Every structure is written in C-alpha cells, then in structure tokens.
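Working notes, structure below.
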Amino acid sequence: MTPSDDLFTPLSSEELDELEDFLLLDGHEDKSMTLDMLDGFLAALAVGPSPVMPSEWLPMVLDVEGRTPPSFVSPEEASRITTLIIRYMNATAGVFEDDPDSYQPLCDQCVFGDPEEEEFAVKAWALGFILGMELRWDDWIPVFDAVDEEGDSEVLLLTPIFLLSETDENQPELTEEDRESWRELIPESVSGLYRFWQKFRSQE
C-alpha cells in the first residue's frame, strides 16, 4: 500500500476513538466539533454542489468559526490528526461514490448510554451538516428552488436536517417520536442530495 492509498483507508473504531479523544481535549473542546458534528460536516462537503479545499474546511474542525489556528503539541501530532481527518473525509466521499444508499450517519452506528446523549449526537450531526452547507451556501441555492419529477420541492430533502438541528427559534419543539421519525429519513435525504447534485451538474 502506498502513502496515497493509505489516505483512502477508512478509520478503524480505535482511530475514531483517538480522533474523538483529541477533539475533547482541554484547550479546544469548547470550540472544536464533536465527532458527530464532524461526521455531518464531512457528509455535507461530500454530497454538496461544489468542492471545498481542505485548507478551507480543516481549520473549522478545531474551531467551528475558523478563527483560531489548530493547536498541536508537536508536528507529529499535527500530522497524525490531520491524516485521520483527511482519511475520514475521503472515506465519507467514497461511500457516495460506491453506493449512496449505504450511507449511515455516525449516530446510527453507535450505541448510546442514555436518550439525552443520543439526542445531542443527532443534533450535532445536523448542525455539522449545515456548517458544511454554509461554506458554499450560494451554491446550494438551486436545491431550494428545484422540484422533482413528481412536482415535489427538492428542498424537502433538507427538511429532516434542518428540523433536527433545531436552529429555527420559531420551530415547534420536537417530540421524541418526531425526532425518531425525522432521524430515520436522514440516510435517504443525504443520498437524495448527492443524486440531486450529480444530476444538476450533468445538466449544466
């Protein structure tokens, strides 16, 4: 295996734990993404309308506002953590290239200790996805305006994500049943967004 091949190797469960531990370290845990937020963020970048270079999105992982340079204790740590994140991104993109219908958010692959922890993880995923959208917000506008062959608005693909993010202060509070129903639609919504942009680009 060459070094370039290694960058496309999915993270093991141990490596995911390592990355999560780093994100939760004292010093940047209040600014950095959680692992679930990162998962949603990378999903948005992978399925979105236009490419975003790592130099633009990587700083946001340790500071969601992208204002503070990443802090590492050594060049070795910087290389290790950066490589893990790049591999995570490449593996996420690979899922959609190989089989979009197989996509599952990280929160659907985990076992949680209590309902509040699970609810927080799902919300963090949705917030991460929206953060990814915001990097190219103007490029996302066509999905808000388009309708599918059945006459349904394509923006409905984003409905579960926006509702679960609870970013709209005027949104009625979701019940536990509501959250579960919308959450079940996330894989279909994300794969649908991937297909929307594939078709959109082919028609340009």
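Which one of Ser189, Ser153, Ser50 has the biggest mean-square fluctuation once the chain is modelled by GNM with Cα springs under 10 Å? It is Ser153.
Solvent-accessible surface of the chain, averaged per residue with a 1.4 angstrom probe and all protein chains in place: 56 square angstrom. For the chain, set up a GNM with springs between Cα atoms under 10 Å and report which of Pro54, Pro75, Pro105 has the largest fluctuation. Comparing Pro54, Pro75, Pro105 in a Gaussian network model of the chain, the most mobile one is Pro75.
Computing FRET efficiency as 1/(1 + (r/R0)^6) for Ala78 and Glu177, where r is the C-beta to C-beta distance and R0 is 41 Å, gives about 0.40.
Using a probe radius of 1.4 angstrom, the carbon and sulfur fraction of the accessible surface of the chain is 51%.
Springs join every pair of Cα atoms under 10 Å in this Gaussian network model of the chain, and among Asp39, Asp152, Asp108 the largest mean-square fluctuation is at Asp152. Here is the size of region 64-129 from its Cα atoms: Rg then Dmax, 15.2, 40 Å. Quick one: angle between helix 35-47 and the longest Cα principal axis of the chain, in degrees between 0 and 90, rounded to 10, please. Helix 35-47 sits at roughly 60 degrees to that axis. Compared with the dominant principal axis of the Cα atoms in the chain, helix 75-98 is inclined by about 30°. For Gln198 and Asp145, a Förster radius of 22 Å and the Cβ-Cβ distance give a FRET efficiency of 0.80, rounded to the nearest 0.05. Spatial offset of region 92-119 relative to region 144-167 amounts to 20 Å, using the alpha carbon center of each. Relative to the longest principal axis of the Cα atoms of the chain, the long axis of helix 13-23 lies at roughly 80 degrees. With 0.36 nm allotted per residue and the present C-alpha distance subtracted, the Val155-Glu134 stretch has 6.0 nm of extension available.
The values are calculated or read from the model by the stated rules, or taken from the named source; none is laboratory data. A quick note: this is a predicted structure, and the numbers were derived from the prediction, not measured. Every residue, glycine as well, gets a Cβ built from its backbone with ideal geometry; the counts of neighbours run over all protein chains shown. Ligands, DNA and RNA are excluded from the accessible area calculation, which covers all protein heavy atoms including side chains. Shrake-Rupley method; radii C 1.70, N 1.55, O 1.52, S 1.80 Å.
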